[in-house]
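The values are calculated or read from the model by the stated rules, or taken from the named source; none is laboratory data. Here the structure is a predicted model, which is why all the values come from computation and not from measurement. Cβ coordinates were reconstructed from backbone atoms using ideal geometry, including for glycine residues, and neighbour counts include every protein chain displayed. When the accessible area is computed, the model is the full protein with side chains, heavy atoms only, and any ligands, DNA or RNA have been set aside. Shrake-Rupley method; radii C 1.70, N 1.55, O 1.52, S 1.80 Å.
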Amino acid sequence: MHLSVVVPCYNENAAIPLLVERLLAVVAPWQDSAEIILVDDGSSDGTWEAIEDAHTLAPIVRGLRLSANRGHQVALTAGLEAARGARIFMLDADLQDPPEILPDMMKIMDQNFDVVYGRREKRDGETLFKRLSAWGFYRFLNAMSDVSIPNDTGDFRLVSRRALDAVLAMPERSRFVRGMFAWAGFRQVAIEYPRAPRIVGETKYPLRAMLRFATDALTGFSTKPLKIATRLSFLSLAVTAFMAAYVFGSLLMFSTAPGWASVVLAISFFSGVQLLTLGILGEYVGRLYMEAKQRPLYFLSQETQPTTQNMDPEGEARVGPAPVRRLA
């Protein structure tokens with residue numbers, strides 16, 4: 001198997017036919033040694049039925065259905081674990097990232113690169129808030145992170161087998177796949193492209209999901225928030241010392257101290273610092289708790305069954321579906 005295409009899908013039944021049509025056209029030069037893996041992330045619409053229909057029409061389409069909704073990054077991981085190709089192409093089902101630049105990515109990877117990631121030069125069809133929040137997120141993440149993560153990038157990329165194996169060897173449950181590839185290293189290069197507006201359906205990333213995703217990214221690749229909490233505690237002590245000197249100075253000069261407004265302000269400030277510090281600590285403790293439970297990332301409830309003979313990454317013939325590894 002030379003090429004695997006991995007697409008996580010959640011409530012994308014309307015997009016599946018067009019997605020498969022465009023992917024089949026793109027992988028045509030490698031159709032005898034390619035597979036398209038569509039991962040249904042516990043959708044509540046007809047996404048799985050659309051995937052089964054696509055598999056019936058095009059046997060190179062392979063469907064995996066998670067037993068429950070586990071989130072975009074886990075669904076992507078499930079597809080990556082099932083991929084058998086020497087090169088693995090990742091994109092979302094909404095087709096905002098154009099699969100048609102895959103041939104250009106393949107040519108770049110021929111120059112001995114391990115990761116060719118897409119960088120968005122513009123983002124059509126997105127709100128001003130989404131563009132500004134995305135711009136700020138990547139720059140804030142890089143300022144806080146111990147790992148340099150390329151700005152304005154997503155999971156849209158082509159990776160080599162050795163780069164993918166390095167990422168799959170990382171056991172964490174709260175996964176930030178693009179950051180994991182950045183941490184893994186190897187030779188990486190960007191290819192710029194304009195991001196198109198979503199053709200059908202609605203975004204699956206509301207504000208709450210975006211905040212959770214940003215928190216996972218930050219806590220997974222940096223301990224700087226903990227250091228900020230420590231600095232805030234020193235700042236609060238400095239402010240306390242200043243206010244104490246002011247109050248005692250006022251008493252010695254037989255002058256009354258400021259009234260309730262200053263007291264309320266001081267209490268609010270210190271309470272805010274304490275709650276922020278506890279919140280930061282809670283995020284890291286919660287992450288440790290989830291990791292310590294060692295639960296599998298996902299379970300499969302259904303899988304399409306290919307009937308043709310396939311080849312594994314080592315070139316050995318294999319009949320039927322490739323086994324899907326499940327993190328334990």
* Order of 177-184, 16-23, 38-45 by packing, highest average Cβ count within 10 Å first? -> 38-45, 177-184, 16-23
* Which whole-number value in Å² is the accessible area per residue of the range 1-98, probe 1.4 Å? -> 31
* Asked: Tell me, what ³J(HN,Hα) does each residue in the range 162-179 have, in order and in whole Hz, if you take phi through Karplus 6.51 cos²θ - 1.76 cosθ + 1.60 with θ = phi - 60° and put x for Gly and Pro?
  -> 5, 5, 5, 4, 5, 5, 5, 6, 7, x, 5, 8, 7, 9, 10, 4, 5, x
* Structure fact -> In order over the range 28-38: 3J(HN,Hα) from phi, Karplus 6.51/-1.76/1.60, θ = phi - 60°, whole Hz, x for each Gly or Pro, gives 3, x, 10, 4, 7, 9, 10, 9, 10, 9, 9
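When the convex hull of the C-alpha atoms of the range 1-105 is computed, what volume per residue in Å³ does it have? Please report the intermediate quantities before stating the final value.
Details: hull volume 9.0 nm³, N = 105.
Considering the Cα atoms of the range 1-105, their hull volume per residue is 86 Å³.
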* To do: Kindly report, to the nearest 10 Å², the accessible surface of Val27 as traced by a 1.4 Å probe over protein heavy atoms only.
  => 0
